[in-house]
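Working notes, beginning with the structure itself.
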Amino acid sequence: MEDLTYLTLAAYAAIMLCAGLVHGTLGLGFPLVATPLLALFIDVRSAILITLLPTVAVNVISIFRGGKWRDSIGRYWPLAVYAVAGGAVGTRLLVVNDPAPFKLLLAGLVLLYLFASQAGALRMHWVREHLGPSMLVFGLIAGLAAGTTNVMVPILIIYTLELGLQRTAMVQVFNLCFLAGKLTQIAVFSEAGLLTGKLLLSTAPLAIVGVAALFAGMLLRDRIPTEIYRNIVRRVLFLLAFLLIAQYFIQS
């Protein structure tokens with residue numbers, strides 16, 4: 001980081017600004033936006049390392065912002081634990097198998113859910129009626145998705161939509177799971193000697209930019225009616241499925 005030119009640092013800051021605005025408005029999306037944009041300048045592993053501290057900062061603020069976090073986090077924290085367990089299994093599967101088919105499978109499941117729920121043919125009442133088992137199932141699947149495709153957002157969106165959570169609770173649950181995944185990632189990178197105090201210190205200014213943009217995005221989110229927000233989230237889900245399919249065919 002210390003060897004970068006001012007122009008490149010400005011580009012990194014602009015990326016953090018964009019990612020923070022998206023995350024603040026939708027409650028998700030910081031690493032999804034920041035990582036591929038940074039990868040235009042550097043390798044993906046370096047991009048992930050640079051976004052670790054900004055992502056953790058954004059996730060923590062998103063969890064506690066909005067109040068009543070004990071009602072959401074205090075109730076749904078097992079979901080994050082199961083996601084970490086599923087992520088460990090998913091990462092192992094990724095090591096020994098071709099990752100491309102997993103992305104196509106995930107995209108297919110997401111599209112099936114969207115079309116079936118839109119037509120009224122899919123009603124997963126058991127999700128609300130059996131909260132413990134449903135957290136286990138969706139947490140493991142989200143973790144598996146993250147471990148094999150680096151994307152757990154679609155599964156979490158499906159789960160929170162079926163639970164009928166309010167907007168603030170949805171965002172808090174999303175970010176709890178994201179934070180658990182990032183902390184696991186930090187532990188792995190630290191053990192491998194890739195994450196150092198020097199790197200964290202040098203990326204702190206980028207975290208400040210991301211957090212400032214996050215608050216600006218939150219102001220926008222508060223002005224969006226709940227039903228419109230849920231429709232936006234469904235469209236994001238469709239877009240993610242499309243991107244997974246496109247990525248599969250591009251890499252094939």
* If you go through the range 113-128, how many residues are surrounded by fewer than 16 Cβ atoms within 10 Å (Cβ to Cβ), assigned to a helix (DSSP H, G or I), at pLDDT below 70 and not small (Gly, Ala, Ser)? -> 1
* Does the range 51-64 contain any residue that is touching a Lys or Arg at 6+ places or on another chain (Cβ under 6 Å), surrounded by fewer than 21 Cβ atoms within 10 Å (Cβ to Cβ) and not charged (D, E, K, R)? -> yes
* Structure fact -> Scanning the range 74-83 for residues that are crowded, with 18+ Cβ neighbours inside 10 Å and either under 9 Å from residue 142 (Cα atoms) or aliphatic (A, V, I, L, M) (or both) gives 79, 80, 82, 83
* Taking the options 20, 66, 108, name whichever one is of a type in the set (Gly, Ala, Ser), assigned to a helix (DSSP H, G or I), under 26 Å from residue 239 (Cβ atoms) and in contact with a helix residue (DSSP H, G or I) (Cβ under 7 Å, 6 or more places away or on another chain). => 20
* Inspect all residues belonging to the range 138-145 and state whether any of them is over 21 Å from residue 36 (Cα atoms) and modelled with pLDDT under 80. => no
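Select, from 55, 8, the only residue that is under 14 Å from the mean Cα position of the chain (by Cα), among the polar types (S, T, N, Q) and modelled with pLDDT of 80 or more.
Answer to the check: 55.
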* To do: Output the number of the condition that residue 151 fails; it satisfies all remaining conditions of (1) surrounded by fewer than 19 Cβ atoms within 10 Å (Cβ to Cβ); (2) part of a loop (DSSP other than H, G, I, E, B).
  => (1)
* Every residue from the range 225-242 that is free of Cβ contacts under 8 Å to residues at least 40 places away in the same chain and either of a type in the set (A, V, I, L, M, F, W, C) or more than 24 Å from residue 161 (Cα to Cα) (or both) -> 228, 239
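Considering the range 31-52 alone, what residues qualify as being among the hydroxyl-bearing types (Ser, Thr, Tyr) and either in contact (Cβ under 8 Å) with a residue 60 or more places away in the chain or under 16 Å from residue 20 (Cβ atoms) (or both)?
Scanning the range 31-52 gives 35, 51.
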* To do: Give the residue, chosen from 180, 169, that is over 26 Å from residue 223 (Cβ atoms), crowded, with 19+ Cβ neighbours inside 10 Å and either in contact (Cβ under 8 Å) with a residue 24 or more places away in the chain or under 13 Å from the mean Cα position of the chain (by Cα) (or both).
  => 180
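The values are calculated or read from the model by the stated rules, or taken from the named source; none is laboratory data. Please read all numbers here as calculations on a predicted model, not as lab measurements. Note: ideal-geometry Cβ built from the backbone for every residue, glycine included; neighbour counts use all protein chains shown.
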